[in-house]
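Below is one structure, written out as structure tokens, with a few remarks after it.
What follows is calculated from the coordinates using simple rules that are stated; it is not laboratory data. What you see is a predicted model, and the numbers here were worked out from it, not measured in a lab. Cβ placement follows ideal geometry from the backbone for every residue including glycine, while neighbour counts extend to all protein chains displayed.
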Amino acid sequence: MGTGNFTDEFKRDAVAQITERGYPIKEVSERLGVSLHSLYAWKRKFAKAATGET
């Protein structure tokens, strides 16, 4: 998959694998074919959304 082709649902599930299920971020990155940079960015994005920050 190229950049920009991931749905919010896919991103949320990827982040949940790290934050809720306890998988290492490197493992999720390799398994899903997503860069570490993207996963960290999604994690920040959804953490801010959960706390109501902009």
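Please determine, in degrees from 0 to 90 and to the nearest 10, the orientation of helix 8-19 with respect to the longest principal axis defined by the Cα atoms of the chain, where the helix direction is its Cα long axis. With rounding to tens, the tilt is 90 degrees. Look at the Cα gyration tensor of the chain: its axes a ≥ b ≥ c give a/c of at least 1.5 with a/b at or below b/c, and that counts as oblate. Mean residue ellipticity at 222 nm, helices only, the chain: -20500 deg cm²/dmol; runs of at least 4 DSSP H residues each add -39,500 (n - 2.57), and the sum is divided by the number of residues. Going from the residue with the fewest nearby Cβ atoms within 10 Å to the one with the most, ARG21, ARG12 rank ARG21, ARG12. Fewest neighbouring Cβ atoms within 10 Å first, the residues LYS45, LYS26, LYS11 line up as LYS26, LYS45, LYS11. Sorting ASP13, ASP8 by the number of Cβ atoms found within 10 Å of their own Cβ, with the fewest placed first, yields ASP8, ASP13.
Residue-wise HN-Hα couplings along the stretch 25-40, as the Karplus relation 6.51 cos²θ - 1.76 cosθ + 1.60 with θ = phi - 60° gives them from phi, are 4, 5, 5, 4, 4, 5, 5, 8, x, 10, 5, 4, 4, 4, 4, 5 Hz; Gly and Pro carry x.
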